[in-house]
């Protein structure tokens with residue numbers, strides 16, 4: 001498929017990011033300078049130009065972003081694979097109303113590219129399940145996603 005470039009999320013991608021979703025995050029490691037890959041689930045598109053995510057506030061991701069704010073989020077959905085380039089900033093070191101010590105990061109989108117290889121389409125999107133207490137997981141997920149939505 002030809003690379004399609006936009007500066008914002010499409011309506012369909014924006015819709016996908018209105019709920020918790022598996023995404024990978026690429027940062028530059030603050031020590032080695034090498035690419036660093038992480039998996040995220042607490043992600044939310046605040047607008048077609050902004051994506052927020054939550055991570056443990058001791059995460060290496062935060063140190064990486066502080067040194068080099070350019071990031072790439074990788075989203076599989078809507079039948080394809082997308083690279084979302086942007087600039088990340090620490091929005092909150094400690095999210096209120098969430099029992100875990102989580103930080104909130106906000107990414108301002110600079111480019112959205114369809115990076116699926118030619119002549120193919122995603123037929124099954126990634127799925128995951130929480131491996132700890134399902135009720136506790138649902139409660140925590142709700143608290144985190146509510147905090148990501150309410151942030152100003």
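FYI, it's all coordinate maths here, none of it is from the lab. Note that the structure is a prediction, hence the values are computed from the model and not measured. Ideal geometry is used to build each Cβ from the backbone, glycine not excepted, and the neighbour counts take in all protein chains shown.
Kindly provide the set of residues from region 124-140 that are without any contact (Cβ under 8 Å) to a residue 40 or more places away in the chain, surrounded by 12 or more Cβ atoms within 10 Å (Cβ to Cβ) and either in contact with a helix residue (DSSP H, G or I) (Cβ under 9 Å, 6 or more places away or on another chain) or under 18 Å from residue 24 (Cβ atoms) (or both), ordered by number.
Result: 130, single match.
Please work out if residue 121 is touching a strand residue (DSSP E or B) at 6+ places or on another chain (Cβ under 8 Å), surrounded by fewer than 15 Cβ atoms within 10 Å (Cβ to Cβ) and touching a residue at least 40 places away in the same chain (Cβ under 8 Å). If you could, list the steps in order and put the result at the bottom.
Working: touching a strand residue (DSSP E or B) at 6+ places or on another chain (Cβ under 8 Å): yes; surrounded by fewer than 15 Cβ atoms within 10 Å (Cβ to Cβ): yes; touching a residue at least 40 places away in the same chain (Cβ under 8 Å): yes.
Against the criterion (touching a strand residue (DSSP E or B) at 6+ places or on another chain (Cβ under 8 Å), surrounded by fewer than 15 Cβ atoms within 10 Å (Cβ to Cβ) and touching a residue at least 40 places away in the same chain (Cβ under 8 Å)), residue 121 qualifies.
The rows are residues; the columns are (1) in contact (Cβ under 8 Å) with a residue 12 or more places away in the chain; (2) farther than 21 Å from residue 65 by Cβ; (3) part of a loop (DSSP other than H, G, I, E, B).
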| site | (1), (2), (3) |
| --- | --- |
| 12 | yes, yes, no |
| 19 | yes, yes, yes |
| 26 | yes, no, no |
| 33 | no, no, yes |
| 39 | yes, no, no |
| 44 | yes, no, no |
